[in-house]
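Written below as structure tokens is the structure these notes are about.
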Amino acid sequence: MKDIGELLSYFPNNVGNLIRNTIKQNEKIKEELQEIRIRCNRPIILKLRNIEIVIEYNVNETEIMQTLERLCNNSIYAYKNQICEGFITVKGGHRVGITGTAVIENGKIINLKYITSLNFRIAREVLGCSLKILDKIIDVKNNSIKNTLIVSPPGKGKTTMLRDVIRNISNRNT
């Protein structure tokens with residue numbers, strides 16, 4: 001990730017500074033960072049491609065809520081539908097997973113309360129990663145797109161692949 005500063009601006013200053021200082025210690029962290037996890041009364045976790053770095057600072061409930069408020073531009077109610085889906089998408093395509101207690105009505109989640117953790121998934125653009133599969137997705141003869149299901153474990157690049165497929169189709173790189 002080229003500039004993590006904007007992403008770190010969602011955190012309270014002390015939490016953002018702890019993460020920023022950890023990243024400054026090793027440039028590899030910046031390049032391989034996939035997730036930032038903050039959990040109530042637990043250490044901060046930086047998930048890289050192959051390792052996790054633990055920052056020994058226990059985030060408290062107030063810091064979780066301050067972060068959520070910043071993510072929602074100080075209007076959590078306006079983001080209620082996204083929150084009920086379990087994540088918020090922020091500038092740059094990054095997604096923030098939200099964990100809390102679900103309020104269910106008629107079998108549907110209508111709210112989350114007691115937010116206990118936030119998981120920042122770092123979006124990355126990998127140009128050309130879909131080129132090997134485009135011929136399986138595009139029906140050139142009928143000028144259409146085939147029904148396609150992209151399946152893999154979490155963190156293996158489904159969204160990255162999908163974004164590159166969309167970019168290539170939009171740019172007619174098929």
statement: Here the FRET efficiency for Glu125 versus Asn14, based on Cβ atoms and R0 = 35 Å and rounded to 0.05, is 0.70
- request: Just tell me which lysines come within less than 26 Å, Cα to Cα, of Lys146; anything on the same chain fewer than 8 places away is out.
  value: Lys132, Lys136, Lys156, Lys158
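On a full-extension model of 0.36 nm per residue, what is the gain between Thr101 and Lys30, subtracting their alpha-carbon distance, rounded to one decimal in nm?
On the way: separation 71, 0.36 × 71 = 25.56 nm, distance 3.22 nm.
Net length gain for the segment: 22.3 nm.
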Per-residue [θ]222 nm for the chain (sum of -39500 (n - 2.57) over DSSP H runs n ≥ 4, rounded to 500): -9000 deg cm²/dmol
field: Global form of the range 5-121, assessed from the alpha-carbon gyration tensor, a/c cut-off 1.5
entry: prolate
- prompt: For the residue pair Glu56 and Asp135, what label-to-label distance in nm results when each label sits 7 Å from Cα along the Cα-to-beta-carbon direction?
  reply: 5.5
field: Label-point separation, Val151 to Cys84 (7 Å along Cα→Cβ), nm
entry: 3.0
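Under unit Cβ charges (Lys, Arg +1; Asp, Glu -1), what dipole magnitude, rounded to 20 debye, does the range 57-174 have relative to its Cα centre? Intermediate results must be reported in sequence, preceding the final value.
Details: 17 positive and 9 negative charges, 108 e Å.
The dipole of the range 57-174 has a size of about 520 debye.
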- request: Pick out, from Thr99, Asn41, Leu134, the residue whose Cα sits farthest towards the positive end of the charge dipole of the chain, with +1 on the Cβ of Lys and Arg and -1 on the Cβ of Asp and Glu.
  value: Leu134
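Every number in this text was worked out from the coordinates using simple rules, so none of it is lab data. Quick caveat, the model's predicted, so the values are computed rather than measured. As a convention, Cβ positions derive from the backbone with ideal geometry for all residues, glycine included, and neighbour counts pool all protein chains shown.
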